[in-house]
Every structure is written in structure tokens, then in C-alpha cells.
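Reviewing the structure listed below.
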Amino acid sequence: MRKHYTVEGNNHTYPTLALCDRCVKDYVVISEGERTYDDCEKCGEDD
């Protein structure tokens, strides 16, 4: 299962992405949100 994370992006933007446990390690996480069944926005994992 994935979670929504607010991450540090380019040019001081802070997008909220649904990420799996593997992909979240590639980002600087600002805050962690709720669990979700949405596909991972980086690798597409959908369990």
C-alpha cells in the first residue's frame, strides 16, 4: 500500500505524491499523509 507524501520539488515547489516504500527513499519528504490505494506515481506499483 502506498501513502501520500508532500515532497520537496524543483524551484521551491512541494507536490503531494502517492509513493510506495521503495520510491519514497528517492525524495526529501516534508510530511507524510494518509494511506492510499492510488498507484505509485514514480514506478506505477499497484499491488
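Things worth noting here:
- Taking region 19-37 as the range and being acidic (Asp, Glu), under 9 Å from the mean Cα position of the chain (by Cα) and over 10 Å from HIS4 (Cα atoms) as the test, only ASP21 passes.
- Among residues of region 1-23 that are among the polar types (S, T, N, Q), those with a Cβ under 6 angstrom from a residue that is open to solvent by 70 Å² or more (accessible area, probe 1.4 Å) and modelled with pLDDT of 95 or more, sequence gap 6+ or separate chain, pair up as THR6/TYR14; THR6/THR16; THR6/ILE30.
- Restricted to the chain, the set of strands (runs of 3 or more DSSP E) holding at least 3 residues that are open to solvent by 60 Å² or more (accessible area, probe 1.4 Å), at pLDDT below 95 and not polar (S, T, N, Q) is empty.
- Checking the stated criteria, ASP47 turns out not to satisfy the condition of being of a type outside the set (A, V, I, L, M) and on the phi < 0 side of the Ramachandran plot.
The values are calculated or read from the model by the stated rules, or taken from the named source; none is laboratory data. Fair warning: this is a prediction, and the values are worked out from it, not measured in the lab. Every residue, glycine among them, receives a Cβ derived from its backbone with ideal geometry; neighbour counts consider all protein chains shown. The accessibility values were calculated without ligands, DNA or RNA, using every heavy atom of the protein model including side chains. Shrake-Rupley method; radii C 1.70, N 1.55, O 1.52, S 1.80 Å.
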